[in-house]
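The structure under discussion appears below in the form of structure tokens.
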Amino acid sequence: MKYALLIYAQPGSHEALPKDEYEEALGQYMALRTDPRCVQGGQLQPVSTATTVRVQDGRTLTTDGPFADTKEVFGGYYVFEADNLDEAIELASRVPSARLGGSVEIRPLVEQ
């Protein structure tokens with residue numbers, strides 16, 4: 001089954017790390033990306049570049065910024081092929097944001 005690991009980061013948490021820890025965290029992200037079970041992954045531009053779209057009464061409305069104002073921001077994702085939820089949890093626990101004040105949401109994909 002494929003699982004999406006949605007990465008929510010605490011803004012500034014990575015940049016606040018000492019240089020060696022920052023580079024170690026980046027290496028951990030890259031290690032996950034090169035794991036053979038990784039189907040896809042991507043990092044998003046900063047939340048300040050977001051545009052939210054709503055359609056109300058047939059009119060398209062746009063606003064700058066994310067849909068919701070939260071302390072964590074959606075920063076990227078991975079899609080992994082995993083045998084079960086326990087394996088997906090193990091993979092998610094390796095994402096640096098999970099220990100740097102953020103979180104990783106795991107969602108099974110609907111396979112077409």
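Please treat every number below as a calculation from the coordinates, not as lab data. It should be emphasised that the depicted structure is a prediction, and the values quoted were computed from it without experimental measurement. Cβ sites come from the backbone with ideal geometry, for glycine too, and all protein chains shown count toward neighbours.
Considering the alpha-carbon set of segment 2-108 alone, what are its Rg and its Dmax in angstrom?
For segment 2-108, the Cα-based Rg and Dmax read 15.6, 52 Å.
Just report the Cα centroid separation between segment 91-112 and segment 1-20, whole Å.
Computed from Cα coordinates, the inter-centre distance equals 10 Å.
What is the set of long-range amide H partners of Ala50 at a cut-off below 5 Å, with H atoms built 1.01 Å from backbone N?
Those lying under 5 Å, H to H, from Ala50 are Gly65.
Two decimals is fine: what's Rg over Rh for segment 1-57, C-alpha atoms, Kirkwood radius as Rh?
Working: Rg = 15.3 Å, Rh = 14.2 Å.
In segment 1-57, Rg relative to Rh is 1.08.
222 nm [θ] for the chain, helices only, -39500 (n - 2.57) per DSSP H run of 4+, per residue, to 500? Show your work: numbers first, answer last.
Working: 2 runs with 24 residues, N = 112.
It lands at -6500 deg cm²/dmol.
On a 0 to 90° scale, report how tilted helix 19-34 is relative to the longest principal axis of the chain, with both axes built from alpha carbons and the result rounded to the nearest 10.
Value to nearest ten degrees: 90.
Which whole-number percent is the relative contact order of segment 2-108 (Cα, under 8 Å, 6+ apart)?
Numbers: 173 pairs, mean separation 53.5, N = 107.
Computed over segment 2-108, the figure is 50 percent.
Place +1 on the Cβ of every Lys and Arg and -1 on the Cβ of every Asp and Glu in the chain, take the dipole about the Cα centre, and give the residue among Gln10, Gly65, Pro108 whose Cα lies farthest towards its positive end.
Gly65
What is the sum of charges around Leu26, taking Lys and Arg as +1, Asp and Glu as -1, for the other residues whose C-beta is under 12 Å from the C-beta of Leu26?
On the way: positive: Lys19, Arg33; negative: Glu15, Asp20, Glu21, Glu23, Glu24.
That sum, taken over residues with Cβ under 12 Å, equals -3.
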